[in-house]
1. Go through the range 219-252 and report how many residues are open to solvent by less than 30 Å² (accessible area, probe 1.4 Å) and not charged (D, E, K, R).
2. With the checklist (1) under 30 Å from Gln74 (Cβ atoms); (2) not in a loop (DSSP other than H, G, I, E, B) in hand, flag the one item Tyr188 doesn't pass.
3. Among (1) closer than 19 Å to Leu114 by Cα; (2) at pLDDT 95 or above; (3) not polar (S, T, N, Q), which single condition is Gly197 missing?
4. Scan the range 238-255 and tell me whether some residue there is closer than 30 Å to Asp80 by Cβ and either assigned to a strand (DSSP E or B) or touching a Cys at 6+ places or on another chain (Cβ under 6 Å) (or both).
5. Could you run through the range 121-160 and say how many residues are buried (at least 19 other Cβ atoms within 10 Å of the Cβ), modelled with pLDDT under 85 and assigned to a strand (DSSP E or B)?
Amino acid sequence: MLQKPRSRGRPSSQAERDWGRRAAEEAPSTSRGAGSSQEARSTASQGARRAEASPEVGPRSPQQLELKVAELVQFLLIKDQKKIPIKRTDILKHVIGDYKDIFPDLLKLAAERLEYVFGYKLVELEPKSNTYILINTLEPVEEDAEVRGDQGTPTTGLLMIVLGLIFMKGNTIKETEVWDFLRRLGVYPTKKHLVFGDPKKLITEEFVRQRYLEYRRIPHTDPVDYELQWGPRTNLETSKMKVLKFVARVHNQDPKDWPAQYCEALADEEARARPETGGPAPSS
């Protein structure tokens, strides 16, 4: 999600490595066997027609794959608004196109993003039915309970992403950097979002009013830029360690893969524990 850990690769790296390999394995051979020139011309003509109908698939760049995953996530969110099962054939027709050879990998990455960013789990309605639905999974569980609260709304998934960005960037981040990252998830400051509504208003006004975030103008910047930090409510309801664990789950990594942040989170845990010794006993 953020800066890459030094000791491991990106999340879902196996799936991404498979993309290029599959494209290479499935590409048609260019070798020719013995035969008459007429047969060769006929074969070439047929091959040209096939190429026009179905262009040869080559390796895709990470940017192309990222855009396709974001497009798939948006499509699934749109279709889910009507609460009608989403057909695999519709996904292939309207979104996947000539990426059919890596459809399982794209669907897996889209499912991961739906769960961690939006709080929805993509499930197949019935075994081998090739139809899918989205289930709201944002319930207060384990480390996320304090920051997610009892509301269980998808906006808290976005809040966790922003809190993670701030912590991993040294506890302060430029607003432009936040949007650079969120654009990769299909969330834009100037476009209305199906789940979040007005994302810029949500982040820079609603979360600020709720005191989860602090939003300040950076002096002497041209064009004008702003910075975001954790607000006092975030410090009361969650901790650096809990947010780091959330980041680690998003990346399928271990919190210790970010040594600087892990040491800072440990120190924060120790500091939080010290005042409790002289405070009132917690209510049962």
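The values are calculated or read from the model by the stated rules, or taken from the named source; none is laboratory data. This is a predicted model, so every value here is computed, not measured. No Cβ is skipped: glycine too gets one built from the backbone with ideal geometry, and neighbour counts run over all protein chains shown. Accessible surface areas use protein heavy atoms only, side chains included; no ligands, DNA or RNA. Shrake-Rupley method; radii C 1.70, N 1.55, O 1.52, S 1.80 Å.
1. Final tally of qualifying residues: 13.
2. Evaluating Tyr188 over (1) under 30 Å from Gln74 (Cβ atoms); (2) not in a loop (DSSP other than H, G, I, E, B) leaves (2) as the failure.
3. (2)
4. Just the residues of the range 238-255 that are closer than 30 Å to Asp80 by Cβ, to begin with: 238, 242-243, 245-253.
If we keep only those that are either assigned to a strand (DSSP E or B) or touching a Cys at 6+ places or on another chain (Cβ under 6 Å) (or both) too, we end up with none.
Scanning the range 238-255 turns up no residue that is closer than 30 Å to Asp80 by Cβ and either assigned to a strand (DSSP E or B) or touching a Cys at 6+ places or on another chain (Cβ under 6 Å) (or both).
5. Residues that pass the stated criteria total 0.
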